[in-house]
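Only one structure is covered here, and it is reproduced in the block below.
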Amino acid sequence: MPGRPSPSPAVPRTAPTDATDPTAVVVLRPEEWLARSAAHRERIEARTAPLLELHGRGERHPVQDFLFGYYTHSPAALARWHPGAGVVLADPDGAAAAAEAERDGAPHRGGWRHLRTTEAGEIPGAEPDGRPTVGWTVDADAFTADRATGIAFTAELLERTAARPARLGCFGLHEWAMAYRSDLHGVRHSRLPLRLGAEGTDAVVESQRIRCTHFDAFRFFAPEARGLNEGADGVLPTRAGMRDMEQPGCLHAGMDLYKWAYKLLPWVSSDLVADCFDLAWDIRALDMRASPYDLRGVTDLAGGDYPPVRIETPEGRAEYVRAQRGFADRGQALRARLLAALAPLLGDDARD
């Protein structure tokens, strides 16, 4: 089970890091952290502003709305900047947090969960003139008390997933299995036509080996397609078996890194969450490009399009595997960063 970070002397430092070092504290002056907060918001809004503009017109995006429907972290929450544990945002008179809230039109940092203000003298020697630093930091006691079960589950899932070899032969057929027998069940993306039609889609499903290892994809299969899934060595995915089956080649496991990251806020940094979000954004595009849906006329919110990855052909399957391998590598690097951030919260028994 995870334990609380061991008390240790707070040693001020001046450069932040993703991996929390419980023996050191990073102190950012108001002008530094306000600039980083603004840069993070700008980074996120470059992705989300076009999406929100669509929503304002009563429209939805058939590809990237998934990241704010299936996942529960809102664009507004994603735009809030957290430096991660082990960092103090100096704010001796509270003016910086007030300015941030006014600038962003967002809730004041004082109302965010699992944050606290440091006490005078808690971090001695952090200011050049010897004054103690007062500011905002993660409330480690409250966070670990509220999230103990989630911390343990997430760490075990990430560690076990990272230790497995990537399986790269699924070719994104989960989306095809969801659209199987659409003459009976319809399709999830009802506004998008099937690129090969209903019969052509069924023919692809019936002619390929389906080897889905992700339960949250498998559970949406058409009933007739469930029996066609080989899973992993004959084992089918279940909710209870996630920790035994998740593997780094799975596109949905890669997208889910975003979920595990935002559930660990504010302990992990928003920079890490944003990197996981970028991976999920890119994976989602491939997921739909390789799907049975016809995306002609759908823009990628940056003015581009979604050319199909024709996994019904050898060339398309090779293209898919190349992209899948790159996403698996990116995902493994992010898993390592998430595990490094969690390490101070895990007791020795949780890591055995």
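For the reader, a short list of remarks on this structure follows.
- Estimated dipole of the chain in Debye, rounded to 20 [Cβ of Lys and Arg +1, of Asp and Glu -1, Cα centre]: 620
- Fraction of alpha-carbon pairs over 30 Å apart in the chain - percent: 44
- Centre-to-centre separation between the Cα atoms of region 190-232 and those of region 271-338: 18 Å.
- Label-point separation, Ala333 to Ser207 (7 Å along Cα→Cβ), nm: 3.7
- The calculated P(r) of region 165-347, using every Cα pair and 5 Å bins from 0, goes 1, 8, 16, 18, 20, 16, 11, 6, 3, 1, 0 in percent.
- Helical contribution to [θ] at 222 nm, DSSP H n ≥ 4, -39,500 (n - 2.57), averaged over the chain, rounded to 500: -14000 deg cm²/dmol
Each reported figure results from applying straightforward, stated rules to the coordinates on display, with no laboratory input. If you're wondering where the values come from, they're calculated on a predicted model, not measured in any experiment. When we count neighbours, we look across all protein chains shown, and the Cβ atoms used for this are built from the backbone with ideal geometry, even at glycine.
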